[in-house]
Structure formats: structure tokens, C-alpha cells
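The values are calculated or read from the model by the stated rules, or taken from the named source; none is laboratory data. Treat the numbers as computed from the prediction; the structure is a model and nothing was measured. Don't worry about glycine lacking a Cβ; one is built from the backbone with ideal geometry, like all the others, and counts go over all protein chains shown. Protein only, heavy atoms only, side chains kept; ligands, DNA and RNA dropped before computing areas. Shrake-Rupley method; radii C 1.70, N 1.55, O 1.52, S 1.80 Å.
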Amino acid sequence: MDVSNKSAVSEFVLLGLSNSWELQMFFFMVFSLFYVVTMVGNSLIVITVVVDSHLHSPMYFLLANLSVIDMSLASFATPKMITDYLTGHKTISFDGCITQIFFLHLFTGTEIISLMAMSFDRYIAICKPLRYASIIRPQVCVALVVASWVVGVMHSMSQVIFALTLPFCGPNEVDSFFCDLPVVFQLACIDTNVLGLFMISTSGIIALSSFILLLNSYVIVLITIKLHSSRGSSKALSTCTAHFIVVFMFFGPCIFIYMWPLSSFLIDKILSVFYTIFTPVLNPIIYTLRNQEVKIAVIKLKNRLLNSNKATPHH
């Protein structure tokens, strides 16, 4: 295959989730609402953690980082999809498509490491409480956050370099609402079976092994909570349950999409909505509604803002 006709495809057409106008309007309303809630909810968490000195602890520092990642993950494709529904313009340039692949893998890779860092933090807090302060020091937290972004960048670079080597010469319809390797590589003019193996080995196995590691740490934590059943254990249990819901909602679709890259597009589409639109909304809901300290801090922040508004005299 001559690679010179690599640039024959200059843009891709995103087929989106449905051809039906009624469904498109429904998705437009739902996803717009979800997007606003995601941005407001996660911004609120970040501001609250920064402003409230009671939340200047490793757990909340990691939570604020997760909120930043979630806002990014919600923004790499959703706003374009929402505007596409309005304008009916569903094409994306070749560079735009590669950019989406880059950011998708950057933010999902970073989120995987961040969720692992958060589970490590809870594991130490519950299983080795006396050593918590000496293990989870501020420098360690910063290192974990930096590591999560470095891993994200390295992972996404590998995916983008791979995508850029593919020859695209014919069909350019992407059967999804954003560009991702499992749907894009099937448009390449070469045998896709080998590419499928690459997908499984890079993204699928990373997601699966990370999930198994996380599962193990939560099992150990839950056993520890059960052995030391006390008043504090119910709080720890609800925190861990909340964390695990997020982990499951995020990893489940990722594992399915990347372990079976040649599976049904319809299932892939539904699952990709989960981790790009639903999970970023879930985090602020799960972490704030189930966390007394964050709830109190948000109320204090609201009261402070209201009081400062009252205090400023109107001319």
C-alpha cells in the first residue's frame, strides 16, 4: 500500500448517535444540561477545596485534580457535539480528529492514574492510619498528580503517533460523536486485525490491569473496615463505596471498548457516552453528596458569597 495517499482524507464525518431529528434534539437538551452541571459541579469542588482551609488535605487535593480532569474530559468532544446538533455541521478536520484522540487519551489516562492515587490514599488512611501523615505527605500528593498527567501525556502520544502512521484513503465516516482509535482505525486502508491487537495491548490491558489493581485495594480496605468495625467505619465504607461506583462507571466502558475493538458500534457508542458525559457529572454528585466535610464547606462558601454581596453598598 502506497503511504503517499495518506493525506487523501482531509476530514471525517461524525455520524453522531442518531439520524433522527427528534432524538438529536433530545440528545442536545440532555447533553447540554449534563455539560453545564459537570462544569458547575466540578468548578464548585475545585473552588471549595482551594478556598476552604479545612479541605487542604491530600484526599481533597486529589479530588480537586480529579474535578479538573473531569471538566477537561467533558470538554474535549461534548461542546462540539452539542453545537453540531444545532448547526447540522458534522465534519471534523483530520487534524481535529487527531487532536480529539490525543485529548481523549490524555484525560482518560490521567484519570486512571488519579483514581489509583485516590484509592492508594484511602488504603493508607484506613489500613495504616498511624503512618498516614508520614506516607501521604504534600510532596507525595503533588508527585502523584504530576505522575498522572505525565502518564496521560505519554499514553496519548503513543496513540496519536500510531494514528498518524495509518493510511486513510477512502471512507471517512466515523460512526460515533467523536474521534477515537477503535472507530477511526477501521477506516484505514490496511488490515485492521493487527491494529486491533495494538488497541488491546495498549489501552485495553492498561485499563483492565488498573481496574484489577483498584479492585484489590478496595477489597483489602473493605476487609479492614469490617475487622475494625466502629463509628468511623461507616463513613469510611460510604467513602469507599462512592469511590468504587466512580471507578466501575469509568473503567467498565473503557475495558469493553478497548478489549473488543471490533465489537458492535452501537454498544461502543452507548458506552462512550458513559465515560465522556456521565462519569464527569457523577464525580461531583457522588463526592459532595456523600461527603459531609465538602457539603459543609460548600454551604460556608455560599454563605460567605451571599454576605459579601450584602456587604457591598449599592449606589
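Being of a type in the set (A, V, I, L, M, F, W, C), under 24 Å from MET71 (Cβ atoms) and out of contact with any helix residue (DSSP H, G or I) (no Cβ under 7 Å at 6 or more places or on another chain) narrows it down to one residue among VAL153, VAL146; which is it? Selected residue: VAL146, the only one of VAL153, VAL146 that is of a type in the set (A, V, I, L, M, F, W, C), under 24 Å from MET71 (Cβ atoms) and out of contact with any helix residue (DSSP H, G or I) (no Cβ under 7 Å at 6 or more places or on another chain).
Of the residues making up the stretch 105-134, just one is open to solvent by less than 10 Å² (accessible area, probe 1.4 Å), of a type in the set (D, E, K, R) and farther than 19 Å from ILE257 by Cα, namely ASP121. Pairs meeting the criteria (first residue in the stretch 180-204 and at negative phi and crowded, with 17+ Cβ neighbours inside 10 Å, second residue among the acidic types (Asp, Glu) and assigned to a helix (DSSP H, G or I), beta carbons under 9 Å, at least 6 apart or on different chains) are ASP180/ASP268; PRO182/ASP268; VAL183/ASP268. Can you tell which of ILE277, ILE270, ILE257 is surrounded by fewer than 16 Cβ atoms within 10 Å (Cβ to Cβ) and at pLDDT 75 or above? Answer to the check: ILE270. One residue stands out in the stretch 33-62 among those that are without any contact (Cβ under 8 Å) to a residue 24 or more places away in the chain and not in a helix (DSSP H, G or I): the one that is least open to solvent (accessible area, probe 1.4 Å), namely SER57.
Just one residue in the set ALA64, ALA77 is farther than 26 Å from ALA163 by Cβ and under 17 Å from the mean Cα position of the chain (by Cα); that residue is ALA64.
Report yes if PHE211 is open to solvent by less than 40 Å² (accessible area, probe 1.4 Å), over 22 Å from PHE94 (Cα atoms) and assigned to a helix (DSSP H, G or I), otherwise no. Yes; evaluated as a whole, the condition is true for this residue.
Please verify whether GLY88 is without any contact (Cβ under 8 Å) to a residue 40 or more places away in the chain and at positive phi, treating the condition exactly as stated. Yes.
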